[in-house]
Amino acid sequence: MNFKNCSIGIELGSTRIKSVLIDENGSTIATGGYGWENKFVDNIWTYSIDEIWEGIQVAYTELRENIEQKYSCDFTTVGAIGFSGMMHGYMAFDKDDNLLVPFRTWRNNLQGKASKELTELFNYPVPQRWTIAHLRQAILNEEEHVSKIDFLSTLASYVHYSLTGEKVIGVGEASGVFPIDLETKSYNGKMVGQFKELTNINLTDIFPKVLVAGENAGHLTPEGAKLLDVSGKLESGIPFCPPEGDAGTGMVATNSVKKRTANVSAGTSVFAMIVLEKALSKVYSEIDEVTTPSGDLVAMVHCNNCTSDLNAWVNLFGEVLGEFGVTPDNDELFGKLYRKALEGDKDCGGLLAYPYLSGEHSTGFEEGRPLFVRNADSKFNLANFMLTNLCTSLGALNIGLKILFENEGVEIDEMLGHGGLFKTAGVGDTIMARATKAPVTTMATASEGGAWGIALLAQFMLNDIDDLAEYLETKIFSDIEKVMVKPETEGIEGFDTFMKRYVGGLDIEHAAVANLKS
């Protein structure tokens with residue numbers, strides 16, 4: 001097989017680093033992976049540099065070994081490579097490429113003062129997750145390392161730089177670092193000037209250069225080849241596409257880069273992306289304004305908490321079964337419990353939960369406490385319990401989308417779903433349809449996720465079609481199987497009833513945060 005017609009995509013997600021090799025038609029040839037979890041160290045959610053590289057190397061090695069076993073040959077080169085990672089966050093390096101402080105991920109909600117100040121200064125929404133908010137908060141905290149910053153990066157951009165020597169970033173990822181000028185497809189010059197007046201820091205000196213989908217973002221260096229492939233087989237010189245964030249790769253993986261298209265990624269976090277026909281009328285703290293990998297305007301509703309607490313409950317049920325000598329397959333365990341939720345009362349039987357392992361900006365929390373709450377007369381059974389945990393995983397998302405649909409009149413034709421929530425067919429998409437009041441479509445490729453999306457962006461760079469939307473429509477998604485679930489009236493009404501309880505009970509969560517200290 002001619003691997004020079006193929007591309008590799010590797011995405012560093014919240015719980016898994018996944019690698020994938022695709023052919024020129026976008027079909028998956030082989031995959032690899034590495035499981036990991038963020039750690040809460042000194043009040044910061046982080047991953048260590050050592051584990052970043054261990055995870056990448058393991059994911060790549062598994063991919064290479066699968067390829068070599070399948071084709072009985074040494075795997076030494078490929079047409080293109082792309083890296084993606086969790087958007088936002090803060091990785092600050094000095095002039096010698098030393099990490100100045102531990103990697104601060106998107107999950108940290110300690111930048112409230114900076115977020116508010118910059119949003120007012122720019123008249124543009126700057127959420128706490130954004131890299132610029134992290135930087136401003138570090139300045140406000142008078143952190144010593146700020147004066148030593150030579151390169152300020154996201155996770156994907158850092159990995160790309162380490163492998164290619166190029167300090168660049170894809171525009172979709174960059175739009176979660178700093179506001180983007182839609183005309184120049186780069187950082188907003190006026191706002192860069194405003195920040196310099198405020199802090200005396202010229203951001204263009206420390207930020208990576210912005211590139212759009214299809215541009216060449218450098219080549220694998222000899223040092224990078226050894227770092228990526230510990231076997232030493234991989235050749236240098238392979239071209240790289242611009243590094244992107246998981247939001248951008250999610251848009252690509254669901255063919256949601258045209259106007260009026262929308263997608264939602266639901267796993268550890270949940271975020272919905274809608275490609276806008278026009279700019280929003282005002283600034284909303286609950287809504288990010290980011291871009292597609294080609295630089296088109298997107299409204300993003302991002303919520304820090306989704307299925308982590310739900311997963312913990314399912315794992316607890318697995319432990320219970322283990323006490324009876326039963327060890328169910330993990331997919332079977334999740335599948336049975338997810339499907340049980342559809343037997344529940346549409347309003348969750350009066351039950352309430354908050355899945356806040358971390359803070360949640362859309363509802364005003366810098367910290368979180370997972371909670372399950374019920375009244376004495378609530379209908380407490382397994383079906384309602386599971387349905388409650390599924391519904392609450394989309395509660396904060398529902399609040400943000402309501403602003404777009406009701407306040408701004410944003411319209412979409414359908415919502416494309418991907419991520420772990422949708423793994424059990426007919427469940428996650430049903431609950432999501434109720435929460436979004438829109439048809440939810442999943443594709444046969446939904447489980448491929450962001451690694452497949454960044455591999456497609458790498459393949460797009462090699463293609464002779466200039467327009468990303470046209471490339472995806474004609475080359476990749478023309479024959480892919482889709483399944484659509486439309487929201488039923490009773491389900492929408494039940495979810496709305498649950499949401500009234502969710503909003504009304506937020507004081508309980510506030511009290512838990514104030515009184516239950518870690």
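The values are calculated or read from the model by the stated rules, or taken from the named source; none is laboratory data. In this text the structure is predicted, and so the values were computed from the model without any measurement. Here the Cβ is made from the backbone with ideal geometry for all residues, glycine too, and neighbour counts use every protein chain on show. When the accessible area is computed, the model is the full protein with side chains, heavy atoms only, and any ligands, DNA or RNA have been set aside. Shrake-Rupley method; radii C 1.70, N 1.55, O 1.52, S 1.80 Å.
Within the stretch 161-174, is even one residue closer than 25 Å to THR15 by Cβ and open to solvent by 30 Å² or more (accessible area, probe 1.4 Å)?
yes
Would you mention how many residues in the stretch 313-360 are over 26 Å from PRO487 (Cβ atoms) and touching a strand residue (DSSP E or B) at 6+ places or on another chain (Cβ under 8 Å)? Going through the stretch 313-360 one residue at a time, the tally reaches 2. Tell me yes or no: at least one residue of the stretch 104-113 is basic (Lys, Arg) and either surrounded by 23 or more Cβ atoms within 10 Å (Cβ to Cβ) or touching a strand residue (DSSP E or B) at 6+ places or on another chain (Cβ under 9 Å) (or both). Scanning the stretch 104-113, I find at least one residue that is basic (Lys, Arg) and either surrounded by 23 or more Cβ atoms within 10 Å (Cβ to Cβ) or touching a strand residue (DSSP E or B) at 6+ places or on another chain (Cβ under 9 Å) (or both), so the answer is yes.
Only one of these is assigned to a helix (DSSP H, G or I) and either of a type in the set (Ser, Thr, Tyr) or at pLDDT 95 or above (or both): GLY322, GLY344. Name it.
Selected residue: GLY322, the only one of GLY322, GLY344 that is assigned to a helix (DSSP H, G or I) and either of a type in the set (Ser, Thr, Tyr) or at pLDDT 95 or above (or both).
Of all residues in the stretch 338-347, those being crowded, with 20+ Cβ neighbours inside 10 Å and within 28 Å of the chain's Cα centre (by Cα) number 2. Select from the stretch 292-346 the residues that are among the small types (Gly, Ala, Ser) and out of contact with any helix residue (DSSP H, G or I) (no Cβ under 7 Å at 6 or more places or on another chain) and write down the one among them that is nearest to ASP181 (Cα to Cα). Ranking the candidates gives SER308 first. Quick check: is even one residue across the stretch 49-70 within 25 Å of GLY89 (Cβ to Cβ), open to solvent by 30 Å² or more (accessible area, probe 1.4 Å) and among the hydroxyl-bearing types (Ser, Thr, Tyr)? The answer is no; no qualifying residue exists.
Can you work out which of the residues in the stretch 351-376 that are part of a strand (DSSP E or B) and not acidic (Asp, Glu) is modelled with the lowest pLDDT?
Among those that are part of a strand (DSSP E or B) and not acidic (Asp, Glu), it is PHE365.
Condition first: open to solvent by 10 Å² or more (accessible area, probe 1.4 Å), over 14 Å from the mean Cα position of the chain (by Cα), over 20 Å from LEU457 (Cβ atoms) and of a type in the set (Asp, Glu). Can you find one or more residues in the stretch 268-277 that meet it? Yes, there is a match, as at least one residue in the stretch 268-277 is open to solvent by 10 Å² or more (accessible area, probe 1.4 Å), over 14 Å from the mean Cα position of the chain (by Cα), over 20 Å from LEU457 (Cβ atoms) and of a type in the set (Asp, Glu).
The single residue among LYS209, LYS226 that is open to solvent by 30 Å² or more (accessible area, probe 1.4 Å) and either in contact with a helix residue (DSSP H, G or I) (Cβ under 7 Å, 6 or more places away or on another chain) or more than 23 Å from MET461 (Cα to Cα) (or both) turns out to be LYS226. If the condition is being at positive phi and either aromatic (Phe, Trp, Tyr) or touching a residue at least 60 places away in the same chain (Cβ under 8 Å) (or both), then the stretch 80-131 contributes HIS88, GLY89, ASN123. Cβ-Cβ contacts under 8 Å between residues 6 or more apart (or on different chains), taken from a first residue in the stretch 43-61 that is part of a helix (DSSP H, G or I) and polar (S, T, N, Q) to a second residue that is at pLDDT 95 or above and open to solvent by less than 30 Å² (accessible area, probe 1.4 Å), are listed as GLN57/LEU228; GLN57/ASP229; THR61/GLY32; THR61/ASP229.
Under the condition of being surrounded by 21 or more Cβ atoms within 10 Å (Cβ to Cβ) and either of a type in the set (Phe, Trp, Tyr) or at pLDDT below 95 (or both), the residues counted in the stretch 1-13 number 1.
Of everything in the stretch 14-23 that is at pLDDT 95 or above and of a type outside the set (Val, Ile, Thr), the residue that is nearest to the chain's Cα centre (by Cα) is LYS18.
Scan the stretch 23-39 for residues that are more than 17 Å from ILE81 (Cα to Cα) and either in contact (Cβ under 8 Å) with a residue 60 or more places away in the chain or assigned to a loop (DSSP other than H, G, I, E, B) (or both) and report the count. Step through it out loud before you land on a result.
Just the residues of the stretch 23-39 that are more than 17 Å from ILE81 (Cα to Cα), to begin with: 34-39.
Cutting the leftovers down to either in contact (Cβ under 8 Å) with a residue 60 or more places away in the chain or assigned to a loop (DSSP other than H, G, I, E, B) (or both) gives us 36-38.
Selection size over the stretch 23-39: 3.
The residues in the stretch 447-482 that are closer than 27 Å to SER14 by Cα and open to solvent by 80 Å² or more (accessible area, probe 1.4 Å) can be counted, and the count is 2.
Condition check ((1) polar (S, T, N, Q); (2) open to solvent by 10 Å² or more (accessible area, probe 1.4 Å); (3) part of a loop (DSSP other than H, G, I, E, B); (4) within 11 Å of ALA266 (Cβ to Cβ)) across all residues:
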| site | (1), (2), (3), (4) |
| --- | --- |
| ASN398 | yes, yes, no, no |
| LEU401 | no, no, no, no |
| LEU404 | no, no, no, no |
| GLY409 | no, yes, yes, no |
| ILE412 | no, yes, yes, no |
| LEU421 | no, no, no, yes |
| ALA425 | no, yes, yes, no |
| ILE431 | no, no, no, yes |
| THR441 | yes, no, no, no |
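Of all residues in the stretch 102-131, those that are part of a helix (DSSP H, G or I) and more than 18 Å from the chain's Cα centre (by Cα) total 11.
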